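Structure first, then comments.
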Amino acid sequence: MSDYEGHKAALELPAVVYRLDPKTHEATVVANDLDKPNGLCFSPDEKKLYIVDTGAPRHEGDPHPIRVYDVVDGVRLKNGRLFANMAPGSSDGIRCDVDGNVWSAAGWAGEGFNGVHVIAPDGTLIGKIHLPETCANLCFGGVKKNRLFMAASQSLYAVYVNTQGAQMP
């Protein structure tokens, strides 16, 4: 899409979300209602899939969405809906903690917005970690999975948090 990560060229595949079947190795489209799907994560019970749309809003006032979908039979998505509006900025990478809260890398809106936003399972913003620059990605790590690593524009940050990442064993 730009020269930022390689060379500008036409997309080779549609900007949709695919599921790769581990047995047949076939890819199927599971979500096609996003402009530019990017970060994604499952809820701790894997019954919900959160997807960040990094596409530019088409109309003034449109959201910069994180969408959520119900996972059906482990293979399909249904009931796609707005989970959180990240306007005036946007999100990129996301992860869930063991309580189902979504930790969203945030930026592109300046001081007071850049960093990490923590969103409860009902979509309520419950906390922020302020950084002096845009945060593009994050993950939980460490022995107890309670250290949050944040990849920002020019820096890597880490902080211990009072929860654990909801990671597969």
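The values are calculated or read from the model by the stated rules, or taken from the named source; none is laboratory data. Predicted, not measured: the structure shown is a model, and the values here were computed from it. These accessible areas exclude ligands, DNA and RNA; they are computed on the full protein's heavy atoms, side chains included. Shrake-Rupley method; radii C 1.70, N 1.55, O 1.52, S 1.80 Å.
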Exercise. Send over a whole-number figure in Å² for the accessible area per residue of the range 1-157, probe 1.4 Å.
Key: 59 Å²
Quiz item: Given Lys23/Lys78; Lys48/Lys128; Lys8/Lys47; Lys8/Lys78; Lys47/Lys145, which pairs have Cα atoms separated by over 26 Å?
Solution: Lys8/Lys47; Lys8/Lys78
Quiz item: Between the range 23-83 and the range 102-169, what's the alpha-carbon centroid distance in Å?
Solution: 20 Å
Self-check item: Fraction of accessible area attributable to carbon and sulfur, the range 95-151 (%, probe 1.4 Å)
Solution: 55 percent
Quiz item: Rg and Dmax of the range 35-148 over Cα atoms: what are they, in angstrom?
Solution: 13.7, 45
